[in-house]
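Okay, structure first, notes after.
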Amino acid sequence: MSPLLRDRYCAVLRPDRVDLVRLKRGFKPVLDLKQSVPVAAGTEGAPWLPAVAALREMVAGDAVTRGDLAVVLSNHFVRYLLVPWDEQVGSIAEYEGYARIAFEGVFGETARAWTVRVSPERFRAPRLAGAIDGELPHALRQAGRDKLRLISVQPYLMAAYNRLGQPFRRRDFFFLLAEPGRACALAAVGGIWRVVRNHAVNDDSAISALVERELRLLETNEGPVPNLYVHAPGFRQLKLPIVAGAAPRVLALPPVPGFAPDADMPFSMALTAA
């Protein structure tokens, strides 16, 4: 079957649940499957193991047929760093090794087994690096091997950034991405990465306080605060500070046939890979 005709499944792995949607291919692609299952808390082993087990059971169900699988990882399962430019480091492979050393410096020896990826950037610019458990990609391939071909594994921050990309063509921005229990801050000034932080949060007020703190730090170090963009599906009561006299801009995902923004809001994370 042509890759253009294969159905595309998008899965989201979170500590508490797994979501799975299907983009049915055809003349007019449409979301025709939306499933969600809770994840039992694990007592030992890697924190993502229960979520992968839940995904495996979902894929084994009768509703799932053959197709491609794109996975979005909750930021609970991802670590981020900014890697400074170094004139002695040239290729992407060298930068990944350089980034791994940086992760080890922050997170210890456990980072030696992580899979690390870095963003391509212009000369003398720092790079954005993300890391996940090195065994996770293989476990995901095994979870869908009888029906689904794994075509991508993306951290939620990267998937959302790419999907919502239009505003980020500006050289200056501050992006807040929130999900249950986690909020990521990503900022660029003059087209250069300045901030990436992955915070545990308990409620809406913690997110608001986080944004105010990050913006104060950015303003102190870099001059005027850039435009603030927010993507926080499900946080209907979230109140964020006014920045330079302007309200934060809430970003919505592009429409997809078969997705109702209100009724299907719990599946919003999956749409970043659709």
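The values are calculated or read from the model by the stated rules, or taken from the named source; none is laboratory data. The structure displayed is predicted, hence computed values, not measured ones. Heads up, the Cβs are rebuilt from the backbone with ideal geometry, glycines too, and the neighbour counts pull from every protein chain shown.
Brief remarks on what is shown
- Segment 164-180 - residue that is in contact with a strand residue (DSSP E or B) (Cβ under 9 Å, 6 or more places away or on another chain) and among the basic types (Lys, Arg) and, of those, nearest to residue 267 (Cα to Cα): 170
- Residue 250 being among the β-branched types (Val, Ile, Thr) and surrounded by 18 or more Cβ atoms within 10 Å (Cβ to Cβ): no
- Considering segment 124-133, the residues that are free of Cβ contacts under 8 Å to residues at least 60 places away in the same chain and of a type in the set (A, V, I, L, M, F, W, C) include one that is surrounded by the fewest Cβ atoms within 10 Å (Cβ to Cβ), namely 132.
- Selection within segment 239-262 - small (Gly, Ala, Ser), more than 30 Å from residue 216 (Cβ to Cβ) and over 22 Å from the mean Cα position of the chain (by Cα): 258
- Taken over segment 249-274, the residue count meeting the criterion of being without any contact (Cβ under 8 Å) to a residue 60 or more places away in the chain and either part of a loop (DSSP other than H, G, I, E, B) or over 28 Å from residue 150 (Cβ atoms) (or both) is 7.
- Among the residues making up segment 134-146, those that are closer than 27 Å to residue 102 by Cβ, touching a strand residue (DSSP E or B) at 6+ places or on another chain (Cβ under 7 Å) and surrounded by fewer than 20 Cβ atoms within 10 Å (Cβ to Cβ) are 134, 137.
- In summary, strands (runs of 3 or more DSSP E) completely within segment 124-237 and bearing 1 or more residues that are closer than 30 Å to residue 24 by Cα and among the β-branched types (Val, Ile, Thr) occur at 127-133, 148-155, 227-231.
- Unique match (being free of Cβ contacts under 8 Å to residues at least 12 places away in the same chain and outside the structural domain of residue 248 (by TED's automatic domain parsing)) among 169, 145, 149, 213: 145
- Candidate set from segment 81-123 (those that are free of Cβ contacts under 8 Å to residues at least 60 places away in the same chain and in a strand (DSSP E or B)); member that is farthest from the chain's Cα centre (by Cα): 83
- Hits in segment 50-80 - residues which are more than 18 Å from the chain's Cα centre (by Cα) and among the aliphatic types (A, V, I, L, M): 53, 54, 58, 59, 60, 63, 64
- Flag for residue 271 being modelled with pLDDT under 90 and either buried (at least 18 other Cβ atoms within 10 Å of the Cβ) or among the charged types (D, E, K, R) (or both): no
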